[in-house]
């Protein structure tokens, strides 16, 4: 009798694990697009760091991402059970923040190019006038700013990924649902920041290859180093566009009237749907930017 009960229990456990594996696979497919956006955004956020600090910074952000998941997954499970409407509200707040971040990057880039000519004559003198301590403090502050910014952005993207995954497993009982959420959270974090580490260290890999005796390896290393600036510029553009796409997509899917309007247009083209998400993300980003601009100016004053 005891053996029969044990075999029944093991059979139930196996069934649950099979269900978890199957639903994790489905949830991973559903969130694949957002994972790509997450990768592009985070690689973009972590560019411009001193070479020797790249991996420590990525590790700090990775730990922050795991902490984000440790907060988001239990919170999402509780909210979906007790206050399901709150999930949508929080997602839209996150979408507005992502769109704002994207717009802030665009405006900062435009302003930076405009002011570059004015600052150029003073750059050399300003740099020479700085002490080693001041330079170190500046780089440390910049590093901390990048880490905090990347963790905040990761929180919003992680929340979106977890909510989408939760929609896939909404009919499952609490234990398998939790297991799927944990598997998705851990898997995505390892995947995203593993790839970010690889992208960030490509130039070091190129230098290592150039030290080899083989002419082929030397050529490959030079090619990797030459490709890096183009890759980083591309990631900066893709990451910013991804912010608008994700932010706008949250609004198009969670505003019933807007979702209904788009559905009534019978738009079958994925490209056109992405353009609508992009435009809406930019619109929301600009609106939020204009709202917070007086407070930003007040803080600078």
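Taken together, the values in this text are just the output of simple stated rules run on the coordinates, not laboratory data. Owing to the predicted nature of the structure, the values given are computational and were not obtained by experimental measurement. Here the Cβ positions follow ideal geometry from the backbone for every residue, glycine too, while neighbour counts run over all protein chains shown.
When each of the peptides 239-246, 78-85 is scored by how many other beta carbons lie within 10 Å of its residues on average, the order from highest to lowest is 239-246, 78-85.
Highest mean packing comes first when the peptides 210-220, 55-65 are listed by Cβ atoms within 10 Å, giving 55-65, 210-220.
Contact order normalised by length for the stretch 161-301, with contacts defined as Cα pairs under 8 Å and 6 or more residues apart; what percent is it? Relative CO of the stretch 161-301 lands at 15 percent. Compared with the alpha-carbon gap, the fully stretched path from residue 75 to residue 274 is longer by 68.7 nm at 0.36 nm per residue.
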